[in-house]
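The values are calculated or read from the model by the stated rules, or taken from the named source; none is laboratory data. Not measured: the values here are computed from a predicted model. Quick reminder, even Gly has a Cβ in these numbers, built from the backbone with ideal geometry, and neighbours come from all protein chains shown. The area values use the complete protein model at the heavy-atom level, side chains included, leaving out ligands, DNA and RNA. Shrake-Rupley method; radii C 1.70, N 1.55, O 1.52, S 1.80 Å.
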Amino acid sequence: GLGLSYKKDENFGEWYSEVVVNGEMIEYYDISGCYILRPWAMSIWEIMQTFFDAEIKKMKIKNCYFPLFVSSGVLQKEKDHIEGFAPEVAWVTKSGESELEMPIAIRPTSETVMYPYFSKWIRGHRDLPLRLNQWCNVVRWEFSNPTPFIRSREFLWQEGHTAFATKEEADTEVLDILELYRRIYEEFLAVPVIKGKKSEHEKFAGGLYTTTVEAFVPNTGRGVQGATSHCLGQNFAKMFEINFENEKGEKAMVWQNSWAYTTRTIGVMIMVHGDDKGLVLPPKVASVQVIVIPVPYKDADTKGIFDACAATVKSLNESGIRAEADFRDNYSPGWKYSHWEMKGVPLRIEIGPKDYANNQVRAVRRDNATKHDIPMADVVERVKDMLDNIQQSLFDAAKEKRDVCIEVVHTWEEFAEALGQKKMILAPWCDEEEVERDVKTRTKGEMGAAKSLCSPFQQPELPEGTLCFASGKPAKKWTYWGRSY
Ligand SMILES: O=C1CCCN[C@@H]1CCCn1cnc2cc(F)c(F)cc2c1=O
Ligand SMILES: [Mg+2]
């Protein structure tokens, strides 16, 4: 039948796999870890891209496109940058029947592709700041369990790569971009995130520091790195000799950032808002915000009902609302209700004989299934308000659910208990790397180890004498911990 065979709260993994397919977002592909993004998913990516691209253009960041392929010499440029990642690199070794002289890597990220040219292009301080972005795909041949949107061997992202004369400029941009990522999650996807800094252990090893927006999936009790904005310091400038002559005529290395968000954003939104009837799309990212469905009755004025549907769609579209009608005569209204609920369309409008006779429509919200009879004349205004209300209530519900999953702890016992209850844990930490490694070792298990997620910029009070939950040493900062994707 039409419905899902798995319940979100009973079989989350199976529910997710089914909902992305039944919601017509994903088609599974014959290469493991690769997925087809159908239009219902691609349209969400495009709506976010439109927002983010406009915002970075306001910041004078320019789009470009670098090659997909990286020569092996260039990719291995700096051992410590990619030593840990080597197993994930996909290589082209042949063309047709003949072996390539040198294997060529498919980009897993583009630092090593771009930075030799940053070195060539940046000569004087007038060449700075250099701020480029590219919208592209990257390939990382991961072996841990592939999950549509969340962890795939190829994904879409934007990667920003910028170079500045001073650290201050770089530090400022890192946070400007992180705020855009917060807006992507909270204003578009209606998903609450926590802004913070990654630990030395979890940060991008090639950089100076990593900032992140951390999301959380209550059903699995796992944190999700939502997007990252790194300050690279002068590490890559040193590696790739990206220098400039500063205003005093001295040779100086640039300060760089790199930042990305990916199609993982879509998976997080599905996991947070979806329910047992299927997807639940926040209106801001729904390519169809309102679906209008005629409910013709055998002897009723069918033409009048159909015309009323068409007129309703027209007036909604003219006011900037993305509305469509489902006139297909080979499906019943009931079938259509289930179909569009599965696809997560935020609002359904039904027009049946009674509605038509009373010159009104019946609106049904996808998020709470409430029904609202609306006079035809008020449809546009009321629908606009309802869509705004749906957007806000999806966020509020997700934030409330996420907040009850946060546990503040002070001791190892409390930490272990909270971890067992699938919580996101806020604990005082001594900020020592070997203690973090120790937490990972002590929490190893088939569910995966706990790791630090971020140290929130919003630090609660840390009273003098507070001890680290894991080492008992003096605590330096509050940090979120948990299992993660
Ligand atoms: O996360 C970002 C933002 C956009 C640009 N890149 C940075 C850091 C990426 C960190 N990273 C992440 N994954 C990688 C996987 C690889 F196979 C590999 F060779 C290198 C990497 C790698 O450098
Ligand atoms: Mg990785």
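For the chain, the longest principal axis of the alpha carbon atoms and the long axis of helix 167-183 meet at an angle near 20°. Ranking T262, V383, I61 by how far each Cα lies toward the positive end of the dipole of the chain (charges on Cβ) leaves I61 at the top.
Once a ≥ b ≥ c are taken as the square roots of the eigenvalues of the Cα gyration tensor of the stretch 50-108, is the result rounded (a/c under 1.5), prolate (a/b larger than b/c) or oblate (a/b not larger than b/c)? Prolate, because a/c is 1.5 or more and a/b exceeds b/c. Cross-linked pairs K79/K120; K94/K251; K8/K58; K60/K195; K277/K401: Cα-Cα separations exceed 31 Å for K94/K251; K8/K58.
The residues H372, H273, sorted by heavy-atom accessible surface at 1.4 Å with ligands and nucleic acids left out, run H372, H273 from largest to smallest. So, in Å, what gap is there between the alpha-carbon centers of the stretch 191-211 and the stretch 415-439? When both Cα centres are located, 16 Å separates them. By the Cβ distance rule of under 4.7 Å, the chain has these cysteines without a partner: C34, C64, C136, C231, C309, C405, C454.
Estimated from the Cβ-Cβ distance and a Förster radius of 45 angstrom, the FRET efficiency linking D373 and E400 is about 0.95.
Sorting 345-353, 218-226 by average packing, meaning the other beta carbons within 10 Å per residue, from highest down gives 345-353, 218-226.
Treating r as the C-beta distance of D307 and E250 and R0 as 51 Å, the FRET efficiency rounds to 0.10. The length gained by stretching the chain between E200 and D176 to full extension, at 0.36 nm per residue less their Cα-Cα distance, is 6.5 nm. Ordered by 1.4 Å accessible area with all protein chains kept, Y65, Y356, Y117, Y337 run largest first as Y65, Y117, Y356, Y337.
Share of carbon and sulfur in the accessible area of the chain stands at 52%, probe radius 1.4 Å. Stretching the chain fully between M102 and Y6 yields a gain of 29.7 nm (0.36 nm per residue, less the alpha carbon separation). How tilted is helix 111-121 with respect to the longest principal axis of the chain? Cα atoms for both, answer in degrees (0 to 90, nearest 10). Roughly 70 degrees, rounded to the nearest 10.
Taking the inverse of the mean 1/r over every pair of distinct Cα atoms in the stretch 197-279 gives a Kirkwood hydrodynamic radius of 15.3 Å.
D329 exposes around 140 Å² of accessible area when a 1.4 Å probe is run over every protein chain in place. Taken along the Cα-to-beta-carbon direction at a fixed 7 Å, the label points for K314 and N358 span 2.5 nm. Ligands, DNA and RNA are left out, and with a 1.4 angstrom probe the accessible area of the stretch 195-267 is 33 Å² per residue. The Cα-based radius of gyration of the stretch 142-209, divided by its Kirkwood radius, gives an Rg/Rh of 1.00. Here the spin labels are modelled as points 7 Å beyond Cα on the Cα-Cβ line, and at T166 and W121 they lie 2.3 nm apart.
When a/c is below 1.5 the answer is rounded, else prolate if a/b is larger than b/c, else oblate, so apply that to the stretch 35-155 with a ≥ b ≥ c taken from the square roots of the Cα gyration tensor eigenvalues. The shape class here is oblate. Model label sites at A86 and K60, defined 7 Å from Cα along the beta-carbon direction, differ in position by 4.2 nm. Note on the chain: Cα Rg divided by 2.2 N^0.38 Å, N the number of residues, gives 1.10. Angle of helix 264-273 to the longest C-alpha principal axis of the chain, folded into 0 to 90 degrees and rounded to 10: 50°. Label 7 Å along Cα→Cβ of R382; the stretch 313-348 residues with amide nitrogen under 15 Å? Of the residues in the stretch 313-348, 313, 316, 347-348 have backbone N under 15 Å from the label point off R382.
Report the full-extension gain for the segment R328 to Q392: residue separation times 0.36 nm, less the Cα-Cα distance, to one decimal in nm. Please report the intermediate quantities before stating the final value.
Numbers: separation 64, 0.36 × 64 = 23.04 nm, distance 3.21 nm.
Using 0.36 nm per residue and subtracting the Cα-Cα distance, I get 19.8 nm.
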